[in-house]
1. Might you check whether a residue that is over 15 Å from HIS203 (Cβ atoms) and at pLDDT 80 or above occurs anywhere in the range 48-63?
2. Considering every residue within the range 188-195, establish whether at least one is within 21 Å of ASN122 (Cα to Cα), modelled with pLDDT of 90 or more and touching a Lys or Arg at 6+ places or on another chain (Cβ under 7 Å).
3. State yes or no: is TYR238 surrounded by 13 or more Cβ atoms within 10 Å (Cβ to Cβ) and either among the basic types (Lys, Arg) or modelled with pLDDT under 90 (or both)?
4. What residue, of SER211, SER193, SER202, is of a type in the set (S, T, N, Q), closer than 17 Å to CYS99 by Cα and touching a helix residue (DSSP H, G or I) at 6+ places or on another chain (Cβ under 6 Å)?
5. Taking the range 171-187 as the region of interest, how many residues are touching a residue at least 12 places away in the same chain (Cβ under 8 Å) and under 13 Å from ASN108 (Cα atoms)?
6. Give the range 154-177 a look and list any residue that's closer than 15 Å to ARG87 by Cα and either β-branched (Val, Ile, Thr) or assigned to a strand (DSSP E or B) (or both), or say none.
7. Across the range 178-201, what is the total count of residues that are surrounded by fewer than 21 Cβ atoms within 10 Å (Cβ to Cβ) and part of a loop (DSSP other than H, G, I, E, B)?
8. Does ALA246 fit the bill of being at pLDDT below 75, among the small types (Gly, Ala, Ser) and either touching a Ser or Thr at 6+ places or on another chain (Cβ under 6 Å) or surrounded by 12 or more Cβ atoms within 10 Å (Cβ to Cβ) (or both)?
Amino acid sequence: MKNTKYSQEVGINFALTLKKGKIHTKNKPTKLVLIMSLQIIMNNNRNVISGKDTISQVSKKFTNAKLKFALNTNQIEDLLSQAYPNRKHWLMILIELHCGLRVSELCNMRIEMINFKENQINLESYTKDNFVNGWSPKTRAGNRIIPIGKKDARRLKQFIGKRRNGYVFLSNKRNKYHTESVIRFINKYANKSATLGRNIGSHSLRRTFASKLAKDGIYIATLSKILGHKDVKTTFLYLYEITDTADFEKVRNSVKDMHGER
């Protein structure tokens with residue numbers, strides 16, 4: 001057990017060395033130990049490491065690991081300002097931020113699902129055992145009611161205009177949006193943003209929504225229902241995995257205070 005623990009520590013240290021772009025042969029762990037160590041670090045990451053990967057491939061996957069984070073206020077404002085010239089894209093990003101929708105839910109949201117009298121979205125992807133609109137949700141807990149603010153309701157109503165049914169957001173070809181298209185334009189605006197400057201995907205907007213509600217003291221069971229999680233444990237893990245840059249700055253400032261640097 002001691003040797004295993006030591007091997008994992010060596011593997012992690014080697015992984016961090018790879019991350020910095022410096023490779024030292026001294027105490028270089030075996031490929032298996034490195035893979036095991038990196039897999040622990042990259043738990044729940046899409047870049048899954050396999051035993052068939054070479055050391056360079058493992059290093060590349062580790063270096064490109066996606067950080068799960070929530071956007072801070074400046075990043076949100078910057079992202080929205082970049083998208084603003086395209087009002088449709090701007091509204092789609094805004095609704096994701098304010099409602100915590102999955103990108104597939106945003107693409108499949110229909111006008112009939114919006115209750116403007118109650119200011120809420122009645123998100124429905126299945127009825128009994130039948131999926132509606134050919135849309136298969138991630139979980140059956142995806143059927144849920146999501147409250148929307150008065151301003152967002154007015155924005156949606158104005159955007160929809162005289163239409164009474166069909167998808168809320170249509171592509172330039174008047175078809176339903178593909179999730180890849182939405183992710184593509186989100187990344188485009190994020191890369192143009194001075195405070196982001198990189199791909200963020202669509203799920204970072206959902207994490208931002210979840211992080212905001214958690215900070216506002218929303219009961220975890222309620223948050224789980226709003227997010228459409230089938231189990232509250234998923235919500236706990238979801239929040240735990242989020243890296244909040246604002247919280248990091250608080251920690252950084254506290255450390256500076258301890259050292260008298262502020």
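The values are calculated or read from the model by the stated rules, or taken from the named source; none is laboratory data. Because the structure is predicted, anything quoted here is derived from the model rather than measured. Cβ atoms come from the backbone with ideal geometry, glycine included; neighbour counts cover every protein chain shown.
1. no
2. No, the range 188-195 contains no residue that is within 21 Å of ASN122 (Cα to Cα), modelled with pLDDT of 90 or more and touching a Lys or Arg at 6+ places or on another chain (Cβ under 7 Å).
3. Criteria met by TYR238.
4. Answer to the selection: SER202.
5. 5
6. Answer for the range 154-177, where residues must be closer than 15 Å to ARG87 by Cα and either β-branched (Val, Ile, Thr) or assigned to a strand (DSSP E or B) (or both): ILE160, VAL168, LEU170.
7. 8
8. Criteria met by ALA246.
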